[in-house]
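Report on the structure given below.
FYI, it's all coordinate maths here, none of it is from the lab. These numbers were taken from a predicted model, which means no experiment stands behind them. Cβ atoms come from the backbone with ideal geometry, glycine included; neighbour counts cover every protein chain shown.
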Amino acid sequence: MKFQIGMRIPPHIGKQGIEQVANWAASVGLDVIDVPAYNEEVKNALNHAGLGVGSVDLKDTGALLSEDESRRTDAIESINRQMTQVSELGGKVLFMVLIPEDANQSREKSFSIWKESFPEVVNQAEKKGLYLALEGWPGPAPQYPAIGCTPETLRAMFQHIPSKHFGLNYDPSHLVRLGIDYLRVLTEFGDRVNYCHGKDTEILKDELYEYGTLPATFGAKYGFSDGSWRYTIPGHGEVEWDKVAVRLEKIGYKGPVSIELEDQRFWGSLEAEQQGIIKAKDHLSLYFK
């Protein structure tokens, strides 16, 4: 089975404007682009380049976890408007993270609020034929306040909301850094994978001795790192993408694998970002094309 390969838009590439982004992506063999917002201009640019839209970022999700009921109400209204626009333009997947506005709020507290606010969001997604893909980034140090990053919380969330319109953005890079078996996640939660990121993580053995699993006290040595690990392009980390590919095929996943470029070696300039995207695409193509 062949999968499409896409990308989230890195900053220097994004500065070129959506038309140039789309034309360049098509020229290097990508199939879809994830976008921060979806409107007629973006849709036309992608169509003109022969590309599809991947995921669309969903905004105002942090307010869904607010203790302030009015904040939650406003967030639900904002999300409903975003969903309406994306649905009318033919989009299907909404990318989201669930990080509370107050980073010091406990994950248990966030989950209890989420149980009250989120069913309405999923109800609207079902009505509009959209699928929510929850990112597994744990959030910023030192609190790591995001929910939905571990099997413990994912299991509880999916038990509370069984709808397939609410599922995972499967990104093995976050699972690797957290010490979670990224292949086992596909075994347990494969039927809830609504999107997939192509990103990797290198475990830094010397730094693991230095810091353990705690963040570095005096600052990490590498970009996109807390200390004993660093995010990389696919092929430069621990993930065995051949095994990911066969499991995605087995569970019937039909979406793209979208490159999320977070690697200090391929960062800081347009040329570096383009090189990183091409190298990532070439590696993923070994298993997904």
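Number of residues in region 102-136 that are over 22 Å from Pro162 (Cβ atoms) and either polar (S, T, N, Q) or crowded, with 18+ Cβ neighbours inside 10 Å (or both) equals 3.
Each row is one residue, and each column tells you yes or no for (1) farther than 28 Å from Tyr211 by Cβ; (2) without any contact (Cβ under 8 Å) to a residue 40 or more places away in the chain; (3) not hydroxyl-bearing (Ser, Thr, Tyr).
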residue	(1), (2), (3)
Leu154	no, yes, yes
Met157	yes, no, yes
His160	yes, no, yes
Phe166	yes, no, yes
Ser173	no, no, no
Phe189	yes, yes, yes
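Among the candidates Ile18, Ile13, which residue alone is out of contact with any Ser or Thr (no Cβ under 8 Å at 6 or more places or on another chain), surrounded by 14 or more Cβ atoms within 10 Å (Cβ to Cβ) and under 24 Å from Glu88 (Cα atoms)? Just one listed residue meets the conditions, Ile18.
Can you find a residue in region 184-195 that is out of contact with any Lys or Arg (no Cβ under 9 Å at 6 or more places or on another chain), more than 21 Å from Pro151 (Cα to Cα) and either in a loop (DSSP other than H, G, I, E, B) or among the aromatic types (Phe, Trp, Tyr) (or both)?
Taking region 184-195 and keeping what is out of contact with any Lys or Arg (no Cβ under 9 Å at 6 or more places or on another chain), we get 184-185, 193, 195.
Imposing the further condition that a residue be more than 21 Å from Pro151 (Cα to Cα) reduces the set to none.
Among the residues of region 184-195, not one is out of contact with any Lys or Arg (no Cβ under 9 Å at 6 or more places or on another chain), more than 21 Å from Pro151 (Cα to Cα) and either in a loop (DSSP other than H, G, I, E, B) or among the aromatic types (Phe, Trp, Tyr) (or both), which makes the answer no.
When Ala26, Ala63 are checked against the criterion of being in contact with a helix residue (DSSP H, G or I) (Cβ under 7 Å, 6 or more places away or on another chain), aliphatic (A, V, I, L, M) and over 23 Å from Leu261 (Cβ atoms), a single residue qualifies: Ala63.
Within region 139-159, no residue satisfies the criterion of being over 16 Å from the mean Cα position of the chain (by Cα), closer than 21 Å to Arg192 by Cα and in a loop (DSSP other than H, G, I, E, B).
So which of Ala220, Ala245, Ala216 is touching a residue at least 60 places away in the same chain (Cβ under 8 Å) and not in a strand (DSSP E or B)? Talk me through it step by step, then tell me what you get.
Working: Ala220 fails: touching a residue at least 60 places away in the same chain (Cβ under 8 Å); Ala216 fails: touching a residue at least 60 places away in the same chain (Cβ under 8 Å).
Every option except Ala245 fails the conditions.
Give me the pairs: first residue in region 92-105 and among the charged types (D, E, K, R), second residue assigned to a loop (DSSP other than H, G, I, E, B), beta-carbon distance under 6 Å, and six or more apart or on different chains, which are they? Correct list of pairs: Glu101/Ser66. Filter region 215-252 down to residues that are at positive phi and under 17 Å from the mean Cα position of the chain (by Cα), then give me how many there are. The qualifying residues number 1.
Give the residues of region 137-190 that are among the basic types (Lys, Arg) and either more than 15 Å from Tyr231 (Cβ to Cβ) or surrounded by fewer than 16 Cβ atoms within 10 Å (Cβ to Cβ) (or both), sorted by residue number. Talk me through it step by step, then tell me what you get.
Keep residues of region 137-190 that are among the basic types (Lys, Arg), which gives 155, 164, 177, 184.
Once the filter is applied, which keeps residues that are among the basic types (Lys, Arg) and either more than 15 Å from Tyr231 (Cβ to Cβ) or surrounded by fewer than 16 Cβ atoms within 10 Å (Cβ to Cβ) (or both), region 137-190 yields Arg155, Lys164, Arg184.
None of Ile277, Ile180, Ile251 is of a type in the set (Val, Ile, Thr), closer than 19 Å to Gly139 by Cβ and touching a helix residue (DSSP H, G or I) at 6+ places or on another chain (Cβ under 9 Å) except Ile180. Being over 24 Å from Ile251 (Cβ atoms) and in contact with a Gly (Cβ under 9 Å, 6 or more places away or on another chain) is a property that Glu101 has. Taken as a whole, the condition of being of a type in the set (Asp, Glu) and more than 18 Å from Asp57 (Cα to Cα) applies to Glu210.
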